[in-house]
Amino acid sequence: SPARSALAPREAAARRKGKTRRGRGKARSEGLLSKQKRSRRMKANDRERNRMHHLNSALDALRSVLPTFPDDAKLTKIETLRFAHNYIWALTETLRLA
């Protein structure tokens with residue numbers, strides 16, 4: 001139609017954009033996209049769970065070498081890191097003064 005041919009190239013492209021797809025491959029169905037998102041989320045959750053397991057294992061190993069009183073008291077994560085920092089500083093100062 002004459003009105004359509006009078007559109008600027010950008011406007012014509014913008015109108016086409018909604019109707020046609022340019023790029024690689026076919027348009028994906030909503031069900032497939034939902035399944036892929038779910039799969040990605042599950043994989044991300046697994047990675048995060050493993051990361052936290054490794055972090056907790058490392059903190060447990062650190063707690064086992066720190067002198068604590070009483071022995072049955074479990075330090076929190078931040079307490080463990082602060083205690084380790086202060087303990088290393090104290091040992092360093094002891095060596096420096098010796």
Item to check | Whichever residue in segment 55-83 is of a type in the set (Asp, Glu) and open to solvent by 80 Å² or more (accessible area, probe 1.4 Å) and, among such residues, is nearest to the chain's Cα centre (by Cα) | outcome: Glu79
Item to check | segment 70-86 residues that are closer than 18 Å to Ala58 by Cβ and of a type outside the set (A, V, I, L, M), paired with ones that are open to solvent by less than 70 Å² (accessible area, probe 1.4 Å) and part of a helix (DSSP H, G or I) (beta carbon under 6 Å, 6 or more apart) | outcome: Lys77/Leu59; Thr80/Leu59; Thr80/Leu62; Thr80/Arg63
Checklist entry - In the list Ala90, Ala44, Ala14, which residue meets the criterion of being modelled with pLDDT under 95, out of contact with any helix residue (DSSP H, G or I) (no Cβ under 6 Å at 6 or more places or on another chain), assigned to a helix (DSSP H, G or I) and open to solvent by less than 100 Å² (accessible area, probe 1.4 Å)? => result Ala14
Checklist outcome for this item: Subset of segment 47-60, residues within 19 Å of Ile78 (Cβ to Cβ) and either of a type in the set (D, E, K, R) or modelled with pLDDT under 95 (or both), comes to Arg51, Asp60
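The values are calculated or read from the model by the stated rules, or taken from the named source; none is laboratory data. For clarity, every value in this text was computed on a predicted model and none was experimentally measured. Quick reminder, even Gly has a Cβ in these numbers, built from the backbone with ideal geometry, and neighbours come from all protein chains shown. Ligands, DNA and RNA are excluded from the accessible area calculation, which covers all protein heavy atoms including side chains. Shrake-Rupley method; radii C 1.70, N 1.55, O 1.52, S 1.80 Å.
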